[in-house]
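Worksheet for the structure shown next.
No value in this document is a laboratory result; all are computed from the given coordinates. This one's a predicted model, so the numbers in the text were calculated from it and none came from an experiment. All Cβ positions, glycine included, derive from the backbone under ideal geometry; neighbour counts span all protein chains shown.
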Amino acid sequence: MRIDKFLVSQNVGSRKEVQKLVRSKQVEVNGALVTKPDQKIDPDKDKIAVKGEKIEYSQYVYLVMNKPSGYVSATSDRDEPTVIDLVPKELRRKGIFPAGRLDKDTTGLLIITDDGEFVHRMLSPKKHISKKYVAEVDGEVTQDMVDSFEKGITFRDGTECMPATLIPDENNPKKAQVIIREGKFHQVKKMFITQGLRVKKLKRVSIGGFALPENLAVGECRTMLEEEKQQIFL
């Protein structure tokens, strides 16, 4: 791989910016100054430093976001702001995308990455990775609804949902946790509609064994830790 392409892929700067760094002798490979932007390197073996700071190679990027309402889960949109717009410049990389969609008005845990295989493992219906939401609805959640979710909801068009878990809030009858193991379009909202209720607020709080970090403010995102990535599949 060319050194300039490597540095761009690691968010050191744009192609022009990293070429300028090379020409101003601020890039080193294995302790030796780089003089040409097209110098070939091996990201897995060579030690690269910029301005004396080591660049840790990452083939893919994995970000966790606390999604706010009002943003669509897409890489681009002509009319609406997207979750990618919220990613800080230093964390952005060409090809990143939201792993699974949260509706524009749905908030909470969202993974952003450029690793398609990772996303497939996380979202594949065969893997049955759980997704937990907190829902606020316009009526009381009853035991009959809990039973209906447990049996598996069927939508009006005949679409069948896998059995899901509905846990009413002990302190608020219009609030509940919902745990699903698939990701059909508007699934949680449509499940409540079959019970005569409409969702007023919806927040995803966990995927698998990974919960939305408490110290991640709404609208913020950061790089995921290696153990956090593994927690998803627990």
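Observations on the model:
- Modelled FRET efficiency - R0 45 Å, E160 with D46, Cβ distances, 0.05 increments: 0.30
- Under 20 Å from the R198 label point (7 Å along Cα→beta-carbon), backbone N, region 157-174: 157, 173-174
- Under-5 Å amide H pairs with Q39, H placed in peptide plane, nonlocal only: I3, D4
- Computed FRET value (nearest 0.05) for K94 with E117, which takes r as the C-beta separation and R₀ as 25 Å: 0.90
- Contact order relative to length of the chain, as percent, for alpha carbon pairs under 8 angstrom and 6 or more apart: 19
- Summary of packing: across the peptides 157-168, 50-61, the per-residue average of other C-beta atoms within 10 Å ranks them, highest first, as 157-168, 50-61.
- Of the peptides 97-109, 113-125, the order by per-residue mean of other Cβ atoms within 10 Å, starting with the highest, comes out as 97-109, 113-125.
- Bridging of K175 to lysines at a Cα separation below 24 Å is possible for K67, K104, K131, K132, K151, K184, K189, K190, K200, K201, K203, once same-chain residues fewer than 8 apart are set aside.
- Two-decimal ratio, region 1-150, of alpha-carbon radius of gyration to 2.2 N^0.38 Å: 1.44
- Entry note, region 102-194: relative contact order of 30 percent, from Cα contacts under 8 Å with a spacing of 6+ residues.
- Region 1-102, relative contact order in percent, only Cα pairs under 8 angstrom and at least six apart counted: 23
- Per-pair calculated FRET efficiency, R0 = 30 Å: H128 and D105 via Cβ, rounded to 0.05: 0.65
- Region 1-60: C-alpha gyration tensor shape, a/c 1.5 cut-off, then a/b vs b/c: rounded
- Restriction of the chymotrypsin sites (Phe, Trp or Tyr not before Pro) in region 126-234 to DSSP coil positions whose beta-carbon has at most 14 other beta-carbons within 10 angstrom yields F185, F233.
- Region 171-221 and region 74-99 have their alpha-carbon centroids 22 Å apart.
- Computed over region 67-177, the Cα gyration tensor eigenvalues convert (square root of 5λ each) into semi-axes of 31, 18, 13 Å, ordered from largest to smallest.
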